[in-house]
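What follows is a single structure, written as structure tokens, with notes after it.
Nothing in this text is a laboratory measurement; each read-out follows from the coordinates by a stated rule. Bear in mind that the values here come from a model prediction, so they are computed numbers and not experimental data. We place every Cβ from the backbone using ideal geometry, glycine too, and count neighbours over all the protein chains shown.
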Amino acid sequence: MATGNIQWNNMIRLKHSLYLLFLLLTALTGCGIEQPGTSQENGQETQLEDAKVLVACFSFTGTTKTAATTLSGLSNGTLYLIEPEMPYGSENSNYYDQSTRAYQEQYGPASARPAIKKTLDNADSYDIVLLGFPIWYGKAPRVVFSFLDAYSFKGKSVIPFITSGSTGISSAASELKSTYKDINWKTGDRLNGKSSEQLKTWLESLGIKVK
Ligand SMILES: Cc1cc2nc3c(=O)[nH]c(=O)nc-3n(C[C@H](O)[C@H](O)[C@H](O)COP(=O)(O)O)c2cc1C
């Protein structure tokens, strides 16, 4: 009986030791699972809470810029406006007009990259990029692609956000994702009409520290 108890106790001790070893290995390796609120970059884990945030935005009539300005204030991020070298004239507001530059670019070759002013310093110092733009004909304006071509955000967390008349973000987001496969794309959102409080909640849901 006593020998049986000793064997049983040894079994329990062995089970505990194996369990502790398992916990230790899981903690050390992380099992390759990316936790919410973290981002893997060059093998190093950045807590999104401590992350340096860039809010980059193209805006034609100011709606997306308003959301971007609020987001940069809330996240203590740097606001950067993506500016085409040749600004879009007001005639582009008439999106039924097929002769406009905006229409031609959006329906022309997907490789179109209108020149932008390259004035962003230390682009690679940012951990997270909130990337805002208006929907143009269902997609991201081509200047947004020019921006992503001009700076490398390989391995960075990029979160797209849009404003639009009614179109959602999914088509634009999937085109960006399939064009820039080495970016760590996060699910974005359409931010029309969102209050500062709602934008704060949105940032928090992404694991971004809010002021
Ligand atoms: C050239 C052009 C194309 C547009 N295409 C769409 C569209 O496909 N779907 C939509 O819902 N809104 C469309 N809009 C409306 C804009 O997405 C919307 O007004 C947006 O909020 C403008 O943002 P901004 O002021 O930052 O430029 C289009 C606007 C323009 C000027």
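Note on the range 164-211: Cα-Cα pairs beyond 17 Å make up 48% of the total pair count.
Sparse packing (at most 12 other Cβ atoms within 10 Å of the Cβ) combined with a DSSP loop state is found for the following GluC sites (Glu not before Pro) in the range 60-129: E85. Among S170, S90, S146, the order by Cβ neighbours within 10 angstrom, fewest to most, reads S90, S170, S146. Each residue, T179 and D124, gets one label point 7 Å from its Cα in the Cβ direction; the gap between the two is 2.3 nm. Summary of packing: across the peptides 61-73, 190-202, 151-163, 115-127, the per-residue average of other C-beta atoms within 10 Å ranks them, highest first, as 151-163, 61-73, 190-202, 115-127.
With the cut-off at 1.5 for a/c, could you classify the range 38-205 from its C-alpha gyration tensor as rounded, prolate or oblate?
Values: a/c = 1.78, a/b = 1.42, b/c = 1.25.
Since a/c reaches 1.5 and a/b is larger than b/c, the shape of the range 38-205 is classed as prolate.
Considering only Q104, L131, T187, and ranking their Cα positions along the charge dipole of the range 38-205 that arises from unit charges at the beta-carbon of Lys, Arg, Asp and Glu, the one farthest toward the positive end is Q104.
Taking other residues whose beta carbon is less than 12 angstrom from the beta carbon of T167, and scoring Lys, Arg as +1 and Asp, Glu as -1, yields +2. If R0 equals 25 Å, the separation of the Cβ atoms of N192 and A115 corresponds to a calculated FRET efficiency of about 0.30.
Cross-link partners of K154 among lysines, defined as those whose alpha carbon lies under 21 angstrom from its own and excluding same-chain residues fewer than eight positions apart: K52, K117, K118, K177, K181, K186.
Residues L79, L54, arranged from fewest to most other Cβ atoms within 10 angstrom of their Cβ, appear as L79, L54.
Summarising the label geometry, the points placed 7 Å from Cα in the beta-carbon direction at S166 and E85 lie 3.8 nm from one another.
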